[in-house]
Amino acid sequence: MKDIQKKEMNMLKISACIAALMMTGIVSAAPISWLDSAVNAEYDNTVEMRHYLHQHGELGNQEYETQKYIKAFLEKQGIKTVTGFKDAPTAVIGIINEEKGDAIGLRADIDALPIKERNEIDYVSTAKGKIFGEETFVSHMCGHDAHMSMLLSAAKIMAEHKDEIDRAVVFVFQPAEEGDSLINPYTADNLPNSGAKALVEDDLIERFKIKHMFGIHVMARQDAGKILISKGATLNSIDGFKIDVEGVQAHGAMPWSGVDATLTASQIVVSMQQLISRNIDLSQGMGVITVGKLYSGEADNVMSGKAQMTGTIRSNNNEIRKVLIKRLPEIAAGVGISTGANVTTKIIESYPVTMNDPKLAENTVSLLQENNIDAEISTWNPGASEDFSFYALEVPSVFMFLGVDKPDTDNAANNHSDKFMIEDEAMKAGVKAHIVAAMQTKLN
């Protein structure tokens with residue numbers, strides 16, 4: 001009798017635990033039995049692909065050789081591929097189990113940066129390309145070579161186990177996350193799309209019936225193989241601006257005979273900082289406005305008649321972003337009125353805040369942990385921006401950070417540095433995370 005009562009009590013405890021998990025939104029699933037062995041068996045190929053892609057980087061919307069490489073690899077695994085997107089001509093979409101619907105989308109960005117690599121490695125990039133028509137060195141100094149390699153390996157493994165997957169999986173190899181390299185947004189009449197925005201506008205989500213999107217970004221100065229996932233705002237918005245000031249040039253000894261463009265520009269720089277402290281609700285988030293370049297003047301005894309500045313606007317709240325975008329041109333114009341200068345402002349609206357769905361973030365961390373992947377909920381926001389944000393506006397999504405540095409490395413080169421480098425071993429966790437997200441995420 002006592003044994004029966006004990007069993008009943010245990011069953012009640014189990015039921016209570018299940019109910020608690022359901023109330024918190026945490027999803028539990030049995031670990032994938034073959035995950036470690038499959039990823040380990042594929043590891044050498046993952047590394048080989050990264051090293052090849054590392055040497056052959058291409059800039060945004062010019063990734064034609066990269067596209068060929070990805071397409072050929074996917075098709076070799078028997079994975080259906082789709083290309084030919086209107087404003088993302090170098091994108092490659094792979095899909096398995098299309099007939100099952102309810103797709104999970106997994107995204108990897110494929111473009112490199114206009115940076116000359118300075119690492120001393122046997123697979124150092126010597127690639128060259130053109131940005132806005134000017135020749136430049138090109139290298140994968142943000143880790144997109146790793147992103148591609150991890151997703152290619154995950155796609156290969158999942159294709160081998162597709163009968164065990166109860167949904168469609170869409171592999172999104174997206175160009176131009178770093179921006180279009182063909183059209184300068186400061187001089188163009190029509191702003192070029194990023195790769196994610198272009199794919200969303202070309203009905204990627206609807207066409208492939210994607211219910212959730214997942215992405216991974218490798219990050220410097222985080223422990224190799226550790227995955228960090230935030231709830232809510234994960235990366236900041238980014239928008240650019242260009243302000244032109246037209247005054248009246250005059251002799252430096254007779255400033256009253258002209259309109260000082262340098263003084264006007266200086267007042268604009270100071271006034272725009274008041275936006276942060278006086279126009280936005282800092283209890284809801286943060287905002288940053290930075291002038292990166294300011295040009296004015298021709299000679300030290302001549303009061304300048306022209307000035308130009310360019311800079312960036314960042315926020316972790318989309319409502320604050322709207323305020324900054326609206327008020328900056330108004331403040332610049334107001335300063336111009338006060339000094340008598342003509343001021344024109346061009347805003348380059350780029351990427352909104354990347355928002356992780358809170359419940360999906362918790363579920364994902366739980367699933368990763370159950371598959372022996374080092375993962376945790378984090379509040380870390382590195383301050384950068386990502387066009388993955390456009391997917392997250394459409395469907396509940398999760399963007400993960402994957403550490404790629406040795407634990408004792410405090411001075412590792414950051415992403416976008418000419419010496420950025422990753423520990424290849426960390427990619428195992430990324431491959432596993434793609435597979436777990438695709439196979440075990442509970443659809444809302």
*In the stretch 297-305, is there at least one residue being closer than 23 Å to Asn190 by Cα and outside any strand (DSSP E or B)?*
no
*Could you please tell me which pairs satisfy a Cβ distance under 9 Å, a separation of 6+ or placement on different chains, a first residue in the stretch 72-83 that is part of a strand (DSSP E or B), and a second residue that is loosely packed, with under 15 Cβ neighbours inside 10 Å and of a type outside the set (Asp, Glu)?*
Val82/Arg207
*Starting from the stretch 365-393, keep only residues that are free of Cβ contacts under 8 Å to residues at least 40 places away in the same chain, then list their pairs with residues that are of a type outside the set (Lys, Arg) whose Cβ atoms are within a distance under 7 Å, requiring at least 6 positions of separation or different chains.*
Gln369/Ala375
*Is it fair to say Ala176 is without any contact (Cβ under 8 Å) to a residue 12 or more places away in the chain, in a loop (DSSP other than H, G, I, E, B) and among the small types (Gly, Ala, Ser)?*
no
*Of all the residues that make up the stretch 202-221, how many are in a loop (DSSP other than H, G, I, E, B) and among the hydrophobic types (A, V, I, L, M, F, W, C)?*
1
*Quick one: which of Leu106, Leu152, Leu199, Leu182 is assigned to a loop (DSSP other than H, G, I, E, B), hydrophobic (A, V, I, L, M, F, W, C) and touching a residue at least 60 places away in the same chain (Cβ under 8 Å)?*
Leu182
*Could you grab me the full set of residues in the stretch 268-288 that are among the charged types (D, E, K, R) and outside any loop (DSSP other than H, G, I, E, B)?*
Arg278
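Considering Glu117, Glu134, which residue is of a type in the set (Asp, Glu), in the same structural domain as Ser153 (by TED's automatic domain parsing), surrounded by fewer than 24 Cβ atoms within 10 Å (Cβ to Cβ) and over 18 Å from Met49 (Cα atoms)?
Only one candidate qualifies: Glu134.
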*Which numbered condition Lys242 fails, given (1) charged (D, E, K, R); (2) assigned to a strand (DSSP E or B); (3) closer than 28 Å to Pro358 by Cβ*: (3)
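Filter the strands (runs of 3 or more DSSP E) completely within the stretch 315-412 down to those with at least 2 residues that are of a type in the set (Ser, Thr, Tyr) and in the same structural domain as Ser304 (by TED's automatic domain parsing).
342-351
The values are calculated or read from the model by the stated rules, or taken from the named source; none is laboratory data. Because the structure is a prediction, the values reported are computed rather than measured. Methodologically, a virtual Cβ is constructed for each residue, glycine included, from the backbone with ideal geometry; neighbour enumeration extends over all protein chains shown.
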